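Accompanying notes for the structure given below.
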Amino acid sequence: MHPAPHATPLTLRPHPLAAAAALALVALAPAAWAQQQPADPEAGKLQTITVTAERRTENILNVPQSVSAIRGEELEVLNSGGLDVRQLAARTPSLNIESSYGRAFPRFYVRGLGNTDFDLNASQPVSLVFDDVVQENPVLKGFPLFDLAQVEVLRGPQGTLFGRNSPAGVVKFESVKPSQKQDGYVSASYGTYGTSSLAGAFNLPLGGDWAARFAAQIQHRDDWVENTYDAGPTQKLEGYDDSAARIQVLYAPHADFSALANIHGREMKGSARLFRANIIKPGTNDLVDGFDPEKISTDGKNEQELSSQGANLRLRWGLGGNMTLHSITGHETLDAYSRGDIDGGYGAVFLPDSGPGTIPFAAESADGMPEHRQWTQEFRLEGDAGNGVKWLGGLYYFKEHLFIESFNYDSLGGGVQNGYATQKQDNTAWAAFGSINYRVSDAFELRGGLRYTRDSKDFVANRVEAPPFSAPELLQIPKETRASNTSWDLSGTYSIDKDTKVYARVATGFRAPSIQGRLLFPPSGPDVVPARDWVTVADAEKVLSYEAGVKAELFDRRARLSASVFRYTVKDQQVTAVGGTQNFNRLVNVERTIGQGVELDLRAMVTDNLMVTLGASYNDTKIDDPDLAIAKCGNGCTATDPAGPAAGTVLIDGNPLPQAPKTVLNFTARYGLPTESGGEWFVFTDWAYRSKINFFLYESKEYTGKPLLEGGLRLGYSWGNGKYEAAVFGRNITNEVVAVGGIDFNNLTGFINDPRTFGASFRMSF
């Protein structure tokens with residue numbers, strides 16, 4: 001037993017960008033608001049934002065937890081450069097998103113909690129919910145963002161009402177629904193690297209009680225990175241074709257019944273993530289001198305394909321007595337394949353020709369998921385008992401089957417396959433849940449929730465390896481897990497006045513046990529274990545979180561403020577020790593993790609023509625496990641942690657979590673200048689900053705990502721009462737390019753963010 005350490009004191013050091021933005025707002029706002037008293041009492045006021053963070057539609061001001069919403073023009077601007085879901089990283093407080101697969105496999109982090117696991121059955125503590133259906137597999141979480149009504153980011157444990165692995169939070173997407181109004185839009189853009197995007201939606205009343213909505217998006221980028229190694233099998237890289245569509249049909253014969261059917265799909269083909277050998281300068285986290293994002297030298301094949309289809313049906317019955325029954329049925333399936341050169345270069349040191357820099361040995365691999373099926377079913381009954389009491393209860397069922405194939409290739413021998421492994425996993429879970437809201441008085445409300453979950457996984461890994469690495473071998477390793485948990489939350493809201501509320505919330509979260517069996521690179525050196533333990537199992541993790549905050553509408557609803565403080569403790573956090581000498585993927589449990597911080601959301605109409613938003617967060621995460629040792633990098637990087645008990649290992653006690661920036665800041669401003677003809681000139685700028693990050697569980701000089709500030713600018717003109725809009729835009733306008741991830745087993749391999757792009761767009765509504 002070890003004595004509990006003292007809590008790390010929470011020290012805030014505001015970034016200069018946040019301080020400058022806040023001071024400017026404070027200086028401008030009173031004068032600007034005093035100057036204008038519009039005749040229309042609603043002119044210049046903020047629209048009310050409603051969210052479904054607690055499975056009911058309600059004003060965001062009344063929700064007793066930290067929630068952000070992104071909608072409207074802000075979403076359109078972020079999507080203008082042909083980017084994927086990673087565009088949301090740092091766009092709200094405490095949110096980070098990254099990927100070592102590119103567009104196919106995003107990894108989400110909220111308040112520092114996430115998972116760097118790169119295998120296709122990876123479990124994440126941030127749940128993604130799309131149109132009320134959980135998207136459990138990480139490949140499903142990359143579905144393109146188009147025709148969305150809103151994105152909600154719910155921070156802190158959400159296990160009571162959202163039932164699949166949500167101890168860190170939930171990112172919730174809601175598409176625009178069919179209506180009885182015939183309308184639609186088409187938008188198109190074209191920019192740098194031949195990046196083009198065509199998106200649109202059409203809403204069609206079908207007569208009587210029926211309506212339908214059709215929405216689609218097609219994105220393309222040319223291959224803009226040149227492979228300077230002439231013998232490489234893939235000479236042009238980093239392009240993609242990514243298309244998705246959604247059809248929704250609504251039947252609503254009367255107020256007490258509605259049925260909404262949703263069919264959607266995605267097809268994507270292009271480059272996998274580009275791993276670039278030795279782009280990090282030894283002893284630093286700088287890119288090497290003369291680094292050119294548009295060039296790479298690699299002898300491996302690079303390709304990626306993804307196909308996904310899904311459908312869901314949402315039914316609602318009004319039962320009388322102020323009760324409503326909801327049924328949500330969902331089915332998702334996908335087929336994915338990704339292949340890349342993970343040494344990032346060509347040749348090897350024992351050959352006459354190799355580079356860039358030192359390449360100890362060649363390594364090329366691929367992962368595919370030819371089988372995936374997910375079924376979900378939820379029944380939820382909610383009601384209003386009167387006397388200030390509202391309640392809901394429900395049942396939830398989840399079943400997933402997946403089959404994964406992993407391949408090794410001999411890039412020195414012409415890309416011949418020389419290793420093969422499979423993973424098969426069946427996951428079944430069910431839950432019963434309920435919550436109650438009780439208005440104690442006009443000013444004070446209590447909310448509480450409870451959820452019981454049972455989860456089981458049956459897993460088997462198979463490995464067949466052939467020369468040149470070893471003699472032919474067949475190995476089969478089965479594993480299974482069984483777990484149950486009761487999660488709960490309790491919150492209270494006090495209304496100081498009609499526009500100002502304070503709240504406090506305590507909540508628990510749960511992530512079911514995980515199994516990992518990446519057998520392409522079985523452990524050796526400091527990772528030597530018996531063959532039966534090549535498949536690793538992480539026990540369930542449990543979170544206890546405390547949060548308090550204030551929400552207010554200010555200056556006669558011309559500004560909206562939300563601020564919170566939080567602290568959480570994770571017991572047995574599931575983390576993934578990736579890389580090391582063998583590029584092995586090993587699950588481990590951290591004895592305890594501590595996180596704490598503050599968050600701020602501010603939106604303000606400074607004048608009738610100027611809107612600004614400011615978001616900020618500070619997250620301090622700490623691993624508390626004095627005995628936990630993991631393998632460090634196998635490529636001569638400068639690890640700064642103390643040595644572990646075995647050669648090649650380090651102790652990670654006290655380290656921050658990987659991909660967990662301490663500071664996240666975002667700022668947007670939109671200024672519109674109306675014309676006499678009824679049109680409007682406008683300018684919109686958006687900025688997102690995150691502080692430095694660790695790529696891995698251990699700390700090293702090379703694998704520490706630099707702070708990153710990315711900005712966008714959009715200038716345009718709209719006319720015809722907003723029916724038409726033309727604009728020019730730039731993304732990452734300062735052209736800040738840094739390493740955002742790495743591979744640590746062979747050489748100083750890294751991958752980067754997108755460089756600067758420009759473009760033009762046109763939108764027509766009808």
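If TYR251 satisfies every condition in (1) free of Cβ contacts under 8 Å to residues at least 40 places away in the same chain; (2) more than 26 Å from the chain's Cα centre (by Cα) but one, which is the exception?
The failed condition is (1).
Starting from the range 554-572, keep only residues that are within 28 Å of ALA604 (Cα to Cα) and open to solvent by less than 20 Å² (accessible area, probe 1.4 Å), then list their pairs with residues that are of a type in the set (Phe, Trp, Tyr) and in a strand (DSSP E or B) whose Cβ atoms are within a distance under 7 Å, requiring at least 6 positions of separation or different chains.
Going by the 7 Å Cβ cut-off, the qualifying pairs are PHE566/TYR546.
List the residue pairs whose Cβ atoms are under 7 Å apart, where the first residue sits in the range 610-634 and is under 19 Å from PRO658 (Cβ atoms), the second is open to solvent by less than 20 Å² (accessible area, probe 1.4 Å) and basic (Lys, Arg), and the two are 6 or more positions apart or on different chains.
ASN619/ARG111
Yes/no matrix, rows are residues, columns are (1) of a type in the set (Phe, Trp, Tyr); (2) closer than 23 Å to ASN137 by Cα; (3) open to solvent by less than 60 Å² (accessible area, probe 1.4 Å):
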| position | (1), (2), (3) |
| --- | --- |
| ALA168 | no, yes, yes |
| GLN180 | no, no, no |
| GLY194 | no, no, yes |
| GLY232 | no, no, yes |
| GLN235 | no, no, no |
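Scan THR493, THR486, THR453 and give me the residue that is in a strand (DSSP E or B), open to solvent by 30 Å² or more (accessible area, probe 1.4 Å) and modelled with pLDDT of 95 or more.
Numbers: THR493 fails: open to solvent by 30 Å² or more (accessible area, probe 1.4 Å); THR453 fails: open to solvent by 30 Å² or more (accessible area, probe 1.4 Å).
On inspection, the qualifying residue turns out to be THR486.
I want to confirm something. Restricting to the range 237-250 and keeping residues that are crowded, with 17+ Cβ neighbours inside 10 Å and of a type outside the set (A, V, I, L, M), which single residue is nearest to ALA211 (Cα to Cα)?
GLN248
So which residues in the range 341-360 are out of contact with any Asp or Glu (no Cβ under 8 Å at 6 or more places or on another chain) and either open to solvent by less than 10 Å² (accessible area, probe 1.4 Å) or within 19 Å of ASP119 (Cα to Cα) (or both), if there are any at all?
GLY344, ALA348, GLY355 - these are the residues of the range 341-360 that are out of contact with any Asp or Glu (no Cβ under 8 Å at 6 or more places or on another chain) and either open to solvent by less than 10 Å² (accessible area, probe 1.4 Å) or within 19 Å of ASP119 (Cα to Cα) (or both).
Looking at (1) aliphatic (A, V, I, L, M); (2) open to solvent by 20 Å² or more (accessible area, probe 1.4 Å); (3) in a strand (DSSP E or B), which is the one condition that is false for ILE630?
Of the numbered conditions (1) aliphatic (A, V, I, L, M); (2) open to solvent by 20 Å² or more (accessible area, probe 1.4 Å); (3) in a strand (DSSP E or B), the odd one out for ILE630 is (2).
Can you find, within the range 719-737, the residue that is least open to solvent (accessible area, probe 1.4 Å) among those that are over 12 Å from ARG763 (Cα atoms) and of a type in the set (D, E, K, R)?
If we take residues in the range 719-737 being over 12 Å from ARG763 (Cα atoms) and of a type in the set (D, E, K, R), then ARG731 is least open to solvent (accessible area, probe 1.4 Å).
Could you please let me know if LEU325 is out of contact with any Ser or Thr (no Cβ under 8 Å at 6 or more places or on another chain), farther than 30 Å from TRP391 by Cβ and not basic (Lys, Arg)? So that I can check it myself, show each step before the final result.
Numbers: out of contact with any Ser or Thr (no Cβ under 8 Å at 6 or more places or on another chain): yes; farther than 30 Å from TRP391 by Cβ: no; not basic (Lys, Arg): yes.
Criteria not met by LEU325.
Sort out which residues of the range 732-766 are among the charged types (D, E, K, R), out of contact with any Leu (no Cβ under 9 Å at 6 or more places or on another chain) and modelled with pLDDT of 95 or more, and write them in order of number. First the steps, then the outcome.
Keep residues of the range 732-766 that are among the charged types (D, E, K, R), which gives 736, 744, 754, 756, 763.
Okay, now just the ones that are also out of contact with any Leu (no Cβ under 9 Å at 6 or more places or on another chain), so 744, 756, 763.
ARG756, ARG763 - these are the residues of the range 732-766 that are among the charged types (D, E, K, R), out of contact with any Leu (no Cβ under 9 Å at 6 or more places or on another chain) and modelled with pLDDT of 95 or more.
Collect the residues in the range 572-602 that are aliphatic (A, V, I, L, M) and within 14 Å of ASP624 (Cα to Cα), keeping them in residue-number order. Walk me through how you get there before you give the answer.
Residues of the range 572-602 that are aliphatic (A, V, I, L, M), as a first pass: 575, 577-578, 587-588, 590, 594, 598, 600, 602.
Result: VAL575, VAL588, VAL590, ILE594.
Every residue in the range 207-225 that is more than 29 Å from the chain's Cα centre (by Cα) and surrounded by 15 or more Cβ atoms within 10 Å (Cβ to Cβ), please. Walk me through how you get there before you give the answer.
The initial filter retains those residues of the range 207-225 that are more than 29 Å from the chain's Cα centre (by Cα), namely 207-212.
Result: ASP209, TRP210, ALA211, ALA212.
What is the number of the single condition among (1) at pLDDT 95 or above; (2) closer than 18 Å to GLU710 by Cα that GLN87 does not meet?
Unmet for GLN87, out of (1) at pLDDT 95 or above; (2) closer than 18 Å to GLU710 by Cα: (1).
Of the residues LEU544, LEU587, LEU602, which is touching a residue at least 24 places away in the same chain (Cβ under 8 Å), over 30 Å from ARG670 (Cα atoms) and either hydroxyl-bearing (Ser, Thr, Tyr) or surrounded by fewer than 20 Cβ atoms within 10 Å (Cβ to Cβ) (or both)?
On the way: LEU587 fails: either hydroxyl-bearing (Ser, Thr, Tyr) or surrounded by fewer than 20 Cβ atoms within 10 Å (Cβ to Cβ) (or both); LEU602 fails: over 30 Å from ARG670 (Cα atoms).
That would be LEU544, the only listed residue that is touching a residue at least 24 places away in the same chain (Cβ under 8 Å), over 30 Å from ARG670 (Cα atoms) and either hydroxyl-bearing (Ser, Thr, Tyr) or surrounded by fewer than 20 Cβ atoms within 10 Å (Cβ to Cβ) (or both).
Between a residue in the range 312-341 that is under 22 Å from VAL133 (Cα atoms) and any residue that is outside any strand (DSSP E or B) and open to solvent by 50 Å² or more (accessible area, probe 1.4 Å), which pairs come within a Cβ distance under 7 Å, given they are 6 or more apart or on different chains?
TRP317/ASP256; GLY318/ALA255; GLY318/ASP256
Considering (1) over 19 Å from ILE752 (Cα atoms); (2) among the β-branched types (Val, Ile, Thr); (3) in a loop (DSSP other than H, G, I, E, B), say which one VAL171 fails and leave the rest.
(3)
When the residues of the range 653-686 are narrowed to those that are surrounded by 20 or more Cβ atoms within 10 Å (Cβ to Cβ) and not in a loop (DSSP other than H, G, I, E, B), which ends up nearest to the chain's Cα centre (by Cα)?
Across the range 653-686, the extreme among qualifying residues is VAL664.
What tally of residues in the range 419-455 results from selecting those that are in contact with a strand residue (DSSP E or B) (Cβ under 7 Å, 6 or more places away or on another chain) and more than 26 Å from HIS326 (Cα to Cα)?
Number satisfying all stated conditions: 11.
Considering each residue of the range 361-401, count those that are closer than 30 Å to GLY347 by Cα and open to solvent by 40 Å² or more (accessible area, probe 1.4 Å), and give that number.
Narrowing the range 361-401 to residues closer than 30 Å to GLY347 by Cα: 361-369.
From the residues that got through so far, the ones that are open to solvent by 40 Å² or more (accessible area, probe 1.4 Å) too are 361.
Count: 1.
Under 6 Å by Cβ, and 6 or more places apart or on different chains, what pairs join a residue from the range 347-364 that is over 16 Å from GLY634 (Cα atoms) and in contact (Cβ under 8 Å) with a residue 40 or more places away in the chain with one that is crowded, with 20+ Cβ neighbours inside 10 Å and of a type in the set (Phe, Trp, Tyr)?
Partner pairs satisfying both residue conditions: GLU364/TYR409.
Here is a list: SER406, SER435. Which entry is modelled with pLDDT of 95 or more and assigned to a strand (DSSP E or B)? Walk me through it before giving the result.
Details: SER406 fails: modelled with pLDDT of 95 or more.
Exactly one residue qualifies, and that residue is SER435.
In the range 571-629, what residues are charged (D, E, K, R), under 22 Å from the mean Cα position of the chain (by Cα) and over 23 Å from ALA643 (Cα atoms)?
Selection gives GLU599, ASP601, ASP620.
Which condition breaks for ILE515 when tested against (1) in contact with a Lys or Arg (Cβ under 6 Å, 6 or more places away or on another chain); (2) at pLDDT below 85?
The failed condition is (2).
Checking the structure you have, find out if any residue of the range 147-156 is open to solvent by 10 Å² or more (accessible area, probe 1.4 Å), under 30 Å from ALA366 (Cβ atoms) and either outside any loop (DSSP other than H, G, I, E, B) or of a type outside the set (A, V, I, L, M, F, W, C) (or both).
no
Could you list, ordered by first residue, the pairs with Cβ atoms under 9 Å in which the first is in the range 134-149 and on the phi > 0 side of the Ramachandran plot and the second is assigned to a loop (DSSP other than H, G, I, E, B) and open to solvent by 10 Å² or more (accessible area, probe 1.4 Å), at least 6 apart or interchain?
Final answer for the pair search is ASP147/VAL176.
Looking at (1) open to solvent by less than 10 Å² (accessible area, probe 1.4 Å); (2) in contact with a helix residue (DSSP H, G or I) (Cβ under 8 Å, 6 or more places away or on another chain); (3) modelled with pLDDT under 95, which is the only condition LEU95 fails?
(3)
List every residue pair whose Cβ atoms lie under 8 Å apart, where the two residues are 6 or more positions apart in sequence or sit on different chains, the first residue falls within the range 94-105 and is touching a residue at least 24 places away in the same chain (Cβ under 8 Å), and the second residue, located anywhere, is in a loop (DSSP other than H, G, I, E, B) and among the β-branched types (Val, Ile, Thr).
Filtered contacts from the range 94-105: ALA104/VAL139; PHE105/VAL139.
The values are calculated or read from the model by the stated rules, or taken from the named source; none is laboratory data. Not measured: the values here are computed from a predicted model. Cβ coordinates were reconstructed from backbone atoms using ideal geometry, including for glycine residues, and neighbour counts include every protein chain displayed. Note: areas computed on protein heavy atoms with side chains; ligands, DNA, RNA excluded. Shrake-Rupley method; radii C 1.70, N 1.55, O 1.52, S 1.80 Å.
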